[in-house]
Amino acid sequence: MTDLLSPLPLRGLTLPNRFVVSPMCQYSARGGVVGDYHLVHLGRFALGGFGTVIVEATAVTAEGRITYGCPGLWDDAQIAGMARITALLRAQGAVAGIQLAHAGRKASSIPPWLMGTDEREADAEHWEPVAPSALPHAEDAPMPRAMREADIEAEVAAWAAATKRAVEAGFQLIEIHGAHGYLLNQFLSPLSNRREDAYGGSAENRMRFPLKVVEAVRAAMPEDMPLFLRLSAVDGLDGGRTIEDSVAFARAARDRGVDVIDVSAGGFTGSRFEIGPGMYLPWAAQIREDAGLPVMAVGLMGEAELAAEALSDGRADLIGLGRAALDDPNWPLHAARQLGTETRALWPKQAGYAIERWPGRNTAKG
Ligand SMILES: Cc1cc2nc3c(=O)[nH]c(=O)nc-3n(C[C@H](O)[C@H](O)[C@H](O)COP(=O)(O)O)c2cc1C
């Protein structure tokens, strides 16, 4: 039976357990370069027992950043900061993953904690976003420039170049951000893609650019390195993508070398969902079943029993945590303890023995 502590082999890599830190923007890079904050923020998850840590949405081009504070890998100068992170994660026994991303029309935004305030950071930058069509994502959002065919070719090349830099920085798995209303999702969705060329119109045409990105990223990675793809299972709006569209895209991606689908949802202004524990899990299970590849479940999965059941009954292969990880970077340790599982192997050796000997607090199981 699959449990939270079972390893998961994927190509030449074995994820040590099923706990994954889902990518989370921190809006704290400058010029796309990560620093000490990112090192500590990510490192504590590796110390807390997460087998895999996926670095936040990292832009493949400068104009693909969600905000001026997002990291990037569009320039060689951005590799060294990322290499410090991969060295730390790997030294602690965690798999170092990174999400490569392009925000498309949702670029040139501001950190969420500044929204609705009059505060502006001195080094804030703004630029003209690009998108499949000249349609803003919200009423007060900047008008994007519709990508020309030459832009499409250049973007595909940028994804490949960023992938090579991620490999050079020491990442062991790569996730393509195809969800949350960002560039790839904008091409996939008829809500944001009104193109009349080979990249718009039919479902097949709308998949064309995202699949070129998948092919380019896969070709730039070593054969033995796993590739994840994050999808919004549905757009959550009338006239948007359905779960059947996502199954078709997941199959096409699988055929091009994607190993795991990371199943999220939404990202369009007004997207609506029932909020609750395991809210996207039924879609993850359906993609797993119908597209025939492993899935990562995310979205309020931070209840130990729910996470364990999703694995044991075959609805998911990995459990991705966002806010629960921020709230408790030791979440895997605490979940394993709650489930009565041996936890010593999850602790760093510097802490595990002491936790085991903690009178009155822990049993021999830690
Ligand atoms: C602070 C924060 C930043 C996020 N940034 C990203 C991101 O960079 N890429 C992404 O795909 N999802 C991002 N998300 C979504 C999370 O990865 C996750 O899928 C979502 O929060 C649902 O999981 P949760 O209920 O465990 O938080 C972010 C979420 C939070 C809370």
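Scanning segment 193-211 for residues being more than 19 Å from SER246 (Cα to Cα) and under 21 Å from the mean Cα position of the chain (by Cα) gives a total of 0.
Applying the set (1) more than 16 Å from the ligand (Cβ to nearest atom); (2) part of a loop (DSSP other than H, G, I, E, B) to GLY81 leaves exactly one unmet item: (2).
I'm trying to understand the selection: among the residues of segment 84-107, which are assigned to a helix (DSSP H, G or I), surrounded by fewer than 24 Cβ atoms within 10 Å (Cβ to Cβ) and in contact with a helix residue (DSSP H, G or I) (Cβ under 6 Å, 6 or more places away or on another chain)? If the condition is that a residue be assigned to a helix (DSSP H, G or I), surrounded by fewer than 24 Cβ atoms within 10 Å (Cβ to Cβ) and in contact with a helix residue (DSSP H, G or I) (Cβ under 6 Å, 6 or more places away or on another chain), then ARG84, LEU88 are the ones that fit.
Within segment 115-137, take every residue that is aliphatic (A, V, I, L, M) and at pLDDT below 95 and give me the one that is surrounded by the fewest Cβ atoms within 10 Å (Cβ to Cβ). Even if it seems obvious, please write down each step before you answer.
To start, the set of residues in segment 115-137 that are aliphatic (A, V, I, L, M) comprises 115, 122, 124, 130-131, 134-135.
Right, trim to at pLDDT below 95 and you get 115, 122, 124.
Working: MET115: 9, ALA122: 4, ALA124: 14.
For segment 115-137, the residue satisfying everything is ALA122.
Taken over segment 259-287, the criterion of being within 29 Å of PRO222 (Cα to Cα), more than 15 Å from the ligand (Cβ to nearest atom) and not in a helix (DSSP H, G or I) is satisfied by ASP259 alone.
The set of residues in segment 318-356 being within 16 Å of the ligand (Cβ to nearest atom) and not in a helix (DSSP H, G or I) consists of LEU318, ILE319, GLY320, LEU321, GLY322, ASP328, PRO329, ASN330.
Yes or no, residue by residue, for (1) among the aliphatic types (A, V, I, L, M); (2) more than 16 Å from the ligand (Cβ to nearest atom); (3) touching a Leu at 6+ places or on another chain (Cβ under 9 Å):
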| position | (1), (2), (3) |
| --- | --- |
| ALA134 | yes, yes, no |
| ALA162 | yes, no, yes |
| ARG165 | no, yes, yes |
| GLY178 | no, no, yes |
| ASP197 | no, yes, no |
| PHE209 | no, yes, yes |
| VAL217 | yes, no, yes |
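Just one of the listed residues (LEU346, LEU326, LEU339) is at pLDDT 95 or above and within 30 Å of the chain's Cα centre (by Cα), and it is LEU326.
The values are calculated or read from the model by the stated rules, or taken from the named source; none is laboratory data. Since the model is a prediction, treat every value here as computed from it, not as a measurement. A quick note on method: Cβ atoms are made from the backbone with ideal geometry, for glycine too, and the neighbour counts reach across all protein chains shown.
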